[in-house]
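Down below is the structure, laid out as structure tokens.
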Amino acid sequence: MAVKPSKADKKIAYDAKLCQLLDEYTQILIAAADNVGSKQLQNIRKGLRGDSIVLMGKNTMMKRSVRMHAEKTGNQAFLNLIPLLQGNVGLIFTKGDLKEVSEEVAKYKVGAPARVGLVAPIDVVVPPGNTGLDPSQTSFFQVLNIPTKINKGTVEIITPVELIKKGEKVGSSEAALLAKLGIRPFSYGLVVLSVYDNGSVFSPEVLDLTEDDLIEKFATGVSMVTALSLAISYPTLAAAPHMFINGYKNILAVAVATEYSFPQADKVKEYLADPSKFAVAAAPVAAAAGGAAPAAAPAEEEKKPEPEEESDDDMGFSLFD
């Protein structure tokens with residue numbers, strides 16, 4: 001007969017497993033597991049099998065193991081996990097793509113009834129329509145101030161009613177009514193709260209960023225650095241081109257207003273002395289902006305030779321006859 005391991009043995013085994021996973025994996029998803037059943041968690045483990053491992057446990061044990069492992073290995077980055085171990089959470093160790101793993105976890109959500117005393121994670125709205133309940137059940141609707149009417153021997157809800165607001169606790173009447181209507185308003189599953197990647201901790205929203213989003217944010221940052229650099233006259237790589245152009249404009253303005261000149265200013269002075277050159281320089285630009293040159297006018301049709309005037313001989317007589 002196998003000897004049943006003691007609590008101390010279980011804790012030692014759990015500590016060894018957690019430390020092994022910390023050494024083997026550099027990416028961890030911290031996920032909330034509120035209202036997640038054992039069967040549902042088993043399905044999630046099956047779906048992630050291959051490159052990810054789900055580890056649940058008591059927060060105090062996980063914090064202790066992480067703290068001791070950080071001291072033992074000297075890797076202080078593990079300590080960033082400790083503030084994240086709050087509430088009913090689990091750890092998903094993975095070697096796969098973080099976004100793909102997060103999406104896979106989100107697939108395993110199941111509907112759940114509204115139980116009494118449960119805090120509603122979303123607004124619950126009862127839609128209008130026939131409920132299929134007999135008229136003797138109208139007491140539930142009257143208690144909750146839901147307008148109804150009797151239609152063909154059944155109770156029918158007239159207008160949509162917001163039964164429960166997000167953050168409110170589910171009452172006994174609301175739970176009973178939703179059960180009679182067969183409505184399972186809530187869905188539960190593992191919800192990723194934070195992402196740990198090689199010591200860095202960030203929000204899961206970062207996983208949804210695309211390359212276009214990153215480029216846009218980078219361009220916004222560069223423009224802000226440029227504006228600040230120009231405002232305080234502090235040279236940076238982003239502001240350098242603008243500073244050179246502004247300096248050139250200032251020197252050019254001095255050259256135009258005085259007799260001082262330099263090669264780049266000579267051409268500008270030429271244009272100012274003879275404004276007609278502006279039109280000549282702008283003509284090719286206007287032609288390029290207007291698109292391709294219009295098609296050449298069709299060649300003039302060849303003129304048909306005019307008929308020769310008939311001579312008197314052709315008419316069969318002569319005026320001098």
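For Leu193, the residues whose amide H sits under 5 Å from its own are Ile30, Ala31, Ala32, ignoring neighbours fewer than 5 places away on the same chain, with H placed 1.01 Å from N. This structure gives Rg and Dmax of the Cα atoms in Å, computed directly, and of (i) 22.3, 74; (ii) 41.2, 155; (iii) 21.5, 70 that value is listed as (ii). Under the convention that each Lys and Arg Cβ holds +1 and each Asp and Glu Cβ holds -1, the size of the dipole of the chain around its Cα centre is about 5340 debye. Computing FRET efficiency as 1/(1 + (r/R0)^6) for Thr210 and Lys39, where r is the C-beta to C-beta distance and R0 is 51 Å, gives about 0.90. Farthest towards the positive end of the charge dipole of the chain, among the residues Thr258, Phe186, Leu98, is the Cα of Phe186, using unit charges on the Cβ of Lys, Arg, Asp and Glu.
The string of couplings for region 55-66 from the Karplus curve (6.51, -1.76, 1.60, θ = phi - 60°) is 10, 9, x, 6, 4, 4, 5, 5, 4, 5, 5, 5 Hz, one whole number per residue in order, with x for Gly and Pro.
The label-point distance for Gln86 and Lys165, in a model that sets each label 7 Å from Cα toward Cβ, rounds to 2.5 nm. The order of Leu29, Leu133 by accessible area, most exposed first and with a 1.4 Å probe, is Leu133, Leu29. Extension gain, Ser172 to Asn198, is 4.6 nm, computed as 0.36 nm per intervening residue step minus the present C-alpha separation.
With a 1.4 Å probe rolled over the protein heavy atoms of all chains, the accessible area of His69, His242 falls in the order His242, His69, largest first. The calculated FRET efficiency for the pair Asp23 and Met243, based on their C-beta separation and a Förster distance of 45 Å, comes to about 0.30. Looking at the chain, the accessible area is 68 square angstrom per residue; that uses a 1.4 Å probe and ignores ligands, DNA and RNA.
Solvent-accessible surface (1.4 Å probe) assigned to Ile245 amounts to roughly 90 Å². Taking a sphere under 14 Å around the Cβ of Lys109 and counting the other residues whose Cβ falls inside, with K and R at +1 and D and E at -1, yields a net charge of 0.
Among the protein heavy atoms, those of Lys107 account for about 140 Å² of accessible surface (1.4 Å probe, every chain in place). Listed by chain and number, the lysines whose C-alpha is less than 16 Å from the C-alpha of Lys72, apart from same-chain residues fewer than 8 away, are Lys17, Lys63. Rounded to the nearest Hz, the phi-derived 3J(HN,Hα) couplings of region 162-179 under the Karplus curve 6.51 cos²θ - 1.76 cosθ + 1.60 (θ = phi - 60°) are 7, 7, 9, 9, 4, x, 7, 7, 6, x, 5, 5, 4, 5, 5, 5, 4, 5, where x marks glycine and proline.
Full extension of the chain between Asp51 and Phe262 gives 69.2 nm of extra length, using 0.36 nm per residue less the Cα-Cα distance. Rounded to the nearest 20 debye, the dipole magnitude of region 211-277 is 300 debye, with +1 charges on Lys and Arg beta carbons, -1 on Asp and Glu beta carbons, and the Cα centre as origin. Taking the accessible area of the chain, probe 1.4 Å, and keeping the other protein chains in place, the carbon and sulfur fraction comes to 58%.
The listed peptides 267-278, 44-55, ordered by packing as a protection proxy, come out as 44-55, 267-278 (highest mean of other Cβ atoms within 10 Å first). Computed from phi, the 3J(HN,Hα) profile of region 269-275 under the Karplus parametrisation 6.51, -1.76, 1.60 (θ = phi - 60°) reads 5, 4, 5, 5, 6, 10, x Hz, with x in place of Gly and Pro. In this structure Val254 has an accessible area near 80 Å², from a 1.4 Å probe over the protein heavy atoms. Calculated FRET efficiency, Lys7 to Val119, Cβ-Cβ distance, R0 = 45 Å: about 0.90 to the nearest 0.05.
The values are calculated or read from the model by the stated rules, or taken from the named source; none is laboratory data. The structure presented is a predicted model; accordingly, all values stated were derived computationally and were not measured. Here Cβ is always computed from backbone atoms with ideal geometry, including for glycine, and neighbour counts include all displayed protein chains. For the accessible areas, the whole protein counts, side chains as well, though only heavy atoms, and no ligand, DNA or RNA atoms are used. Shrake-Rupley method; radii C 1.70, N 1.55, O 1.52, S 1.80 Å.
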